[in-house]
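One structure is given here, and the rest of the page talks about it.
Read-outs throughout are calculated quantities, based only on the coordinates presented, and are distinct from any laboratory measurement. Just so we're clear, the structure is a prediction, and the values are computed from it rather than from any experiment. Cβ placement follows ideal geometry from the backbone for every residue including glycine, while neighbour counts extend to all protein chains displayed.
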Amino acid sequence: MTERDPDLLKENLPGPTVAIAAEALFLINLMLLPGLGFVMLMVLWLVHRKHPSPLVRNHLQQTVTVSLWGGGILVGLTLLALWLGGLANPWTWVIAILYFVCLHATLIIFGVMGLNAAILRHPYRYPVLGPRLED
């Protein structure tokens, strides 16, 4: 274990609480309370967007950006598939549901990885949708 890594067996909440809260709200928005989790994440971002810790700002920026882009892509492309294929075509539903479930599961996996990084006090960039990390 390096000097930077916390001892997870001795510390209850080793990472910065705001960064952990941002990642947890990202997952809550995806799995438990869609919409309400997003509103809570946006309130957290409004209150802490100028936080002195670059790690906290990183996790807030990543979760808010991926929530906006991911939600737009998730809903937008699902509706586009339904519109182009027609609601009466069963294959349209197969494609739309398969797309939605696969992308949704991918966002959840990336969110768990982000939460892990926040707990370990590491910066994190969501693959593809996350903004570049500040150097």
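The phi-based Karplus calculation (6.51 cos²θ - 1.76 cosθ + 1.60; θ = phi - 60°) puts the 3J(HN,Hα) values of the stretch 17-34 at 5, 5, 5, 5, 4, 4, 5, 5, 5, 4, 6, 4, 4, 7, 10, 9, 10, x Hz, whole numbers, x for Gly and Pro. Remark: the stretch 58-102 is approximated by an ellipsoid whose semi-axes, taken from the C-alpha gyration tensor as √(5λ), come to 28, 9, 4 Å, largest first.
Computed FRET efficiency, Cβ-Cβ of residue 31 and residue 79, R0 22 Å: what is it to the nearest 0.05?
The formula returns an efficiency of 0.55 here.
Using a cutoff of 8 angstrom between alpha carbon atoms and counting only pairs six or more residues apart, the relative contact order for the stretch 17-119 works out to 35 percent. For the chain, the longest principal axis of the Cα atoms and the long axis of helix 90-119 meet at an angle of about 0 degrees.
Report the trypsin sites (Lys or Arg not before Pro) located in the stretch 6-105 that are in a DSSP loop and have at most 13 other Cβ atoms inside 10 Å of their Cβ, or state none.
Sites meeting the loop and neighbour criteria: 10, 49, 50.
Per residue, what volume in Å³ does the convex hull of the Cα atoms of the chain enclose? Value for the chain: 127 Å³ per residue.
Do the sum for the chain: with -39,500 (n - 2.57) for every DSSP H run of n ≥ 4, divided by all residues, what is the mean residue ellipticity at 222 nm, to the nearest 500 deg cm²/dmol?
So the calculated ellipticity at 222 nm is -23500 deg cm²/dmol.
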